[in-house]
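Each reported figure results from applying straightforward, stated rules to the coordinates on display, with no laboratory input. Only a predicted model underlies this, so the values are computations on that prediction, with no experimental measurement involved. FYI the Cβ positions are ideal-geometry reconstructions off the backbone, even for glycines, and counts take in every protein chain you see.
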Amino acid sequence: MFERPTLHIAPVIFGSGGMWGGGERYPVELALAMSKKVPTRLLTFGKRYERAQIKGLEIVTLQTRWHARGNSLNPVSELFLSECLKAERLHTHQFETLLTTAAVCLGRVSGKHVFCTDHGGYAPNLGRRLGVGKKLNRLLAVSHFSAGIFPELAGKVDVIYGGVDTDRFFPVSVDRQKKIVFVGRILPHKGIDVLIKALPSNLPLHIYGRAYDEQYLMELKRLSQGKEVSFHSSAPDREIVEAYRTATMSVLPSVYRTSGGASAPRSELLGLALIEAMACGTPVIATRVGGMPEVVSQGEAGLLVEPGSVEELSEAINSLANQGSIWKELSAAGLSQVREKFNWDVVVDKCLNAYEKS
């Protein structure tokens, strides 16, 4: 069944030259974990053609000739189809793109099964016109919330969630510092402005993430005046892991509607930063947005607050600040959740089961 490789297809390369985000990290981490069990390759796109081996995973980067309709999720390369034909099955990442449309059409012609995991992106494509949803074998969704975005696929969905590399993200015995960490891209839908407004004057906040909206970053710095807020724009993974391990709590305050009035209906399909923090034994606070309530059961693995509510977020922060009994319970429960449900071994097994039954 798995003699030839499964090919994961990611339209945007993770890291420098691409994008630093959960939706870009996810296919890399999933493919790395899958390569430990079955033949697996990762196909992505960049400025030049490259082949590399990372921890046993072959990563092929095709040179992007252009982006269809000027969208970064629609890279075009003349080598795409030939790379797909080498694989046993195709697993695309981002449903509403030309790449997934092309992969599904190729699958129909060649007899290959095609699966997709969506991460909330959209690029102009021919999917609806060509009936891609009907021809896709399975949608492997990162949450029930994510699956609900595509009601037309309701009969062919498996929820696989997402995971964390527990060899990198794990707790250590250290004295926790009185500080909050936020990890994620600096964009308005992340609700960082709400977090800064809710921040107690005696509790430092460390923001780890690259700024993809300079105007929003300037607004955050204005709101931070008179408070202990530090911005870390290019921290390596080891520094972020250390921040999780030493923090009192990690907060992900994403919103459906930004302070500027923009709508973000697909905000936080999962919330990988929450899982990373939980894996380090750090209690988390999240908003009732997207798939985050599926990760953080209220009062069990973390605390949930209404999006945009400065008052609720402030109360939640204060309840964890003294590291009392609630803090200890949430720390243990979050770690247990990761070990049982949100680690890549579990996610890979769900993927392989979905492949086999299609």
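Here are a few things to note about the model shown:
- In terms of other Cβ atoms within 10 Å, LYS178, LYS112 run from fewest to most in the order LYS178, LYS112.
- Pairwise Cα distances in the range 180-340 exceed 22 Å in 34 percent of cases.
- Cα-based reach from LYS37 at 16 Å (exclusive), listing lysines while leaving out same-chain residues under 8 positions away: LYS55, LYS350
- Positive minus negative residues near ASP193 (Lys, Arg vs Asp, Glu; Cβ under 10 Å): +2
- Neighbours of ASP345 by Cβ distance under 15 Å: Lys/Arg scored +1, Asp/Glu scored -1, total +2.
- Between helix 310-321 and the chain: long-axis angle, C-alpha atoms, 0 to 90°, nearest 10: 80 degrees
- The helix-only estimate of mean residue ellipticity at 222 nm for the chain, built from DSSP H runs of length n ≥ 4 each weighted as -39500 (n - 2.57), is -10000 deg cm²/dmol after division by the residue total.
- Residue among TYR122, TYR244, TYR161 with the largest mean-square fluctuation in a Gaussian network model of the chain, springs linking Cα atoms under 10 Å: TYR122
- Kirkwood radius and radius of gyration were both taken over the C-alpha atoms of the range 7-64, and their ratio Rg/Rh is 0.94.
- Rounded to the nearest 10 degrees, the inclination of helix 22-35 to the longest alpha-carbon principal axis of the chain is 60 degrees.
- Under 26 Å from LYS227, Cα to Cα: lysines that are on another chain or at least 8 residues apart: LYS178, LYS179, LYS190, LYS197
- Prolate/oblate/rounded label for the range 146-229 (Cα gyration tensor, a/c 1.5): oblate
- Where a label projected 7 Å from the Cα of GLU50 along Cα→Cβ would reach, residues of the range 1-26 with amide N under 20 Å: 8-26
- Neighbour counting of Cβ atoms within 10 Å sorts the residues ASP349, ASP175, fewest neighbours leading, into ASP175, ASP349.
- Stokes-Einstein diffusion for the chain at 10 °C, viscosity 1.306 mPa s, with a Kirkwood radius from C-alpha pairs, works out to 76 µm²/s.
- The chain: angle of helix 237-246 to the longest principal axis, Cα-based, in degrees nearest 10: 40 degrees
- Sum of side-chain charges, ARG108 neighbourhood, beta-carbon under 13 Å (Lys, Arg +1; Asp, Glu -1): +3
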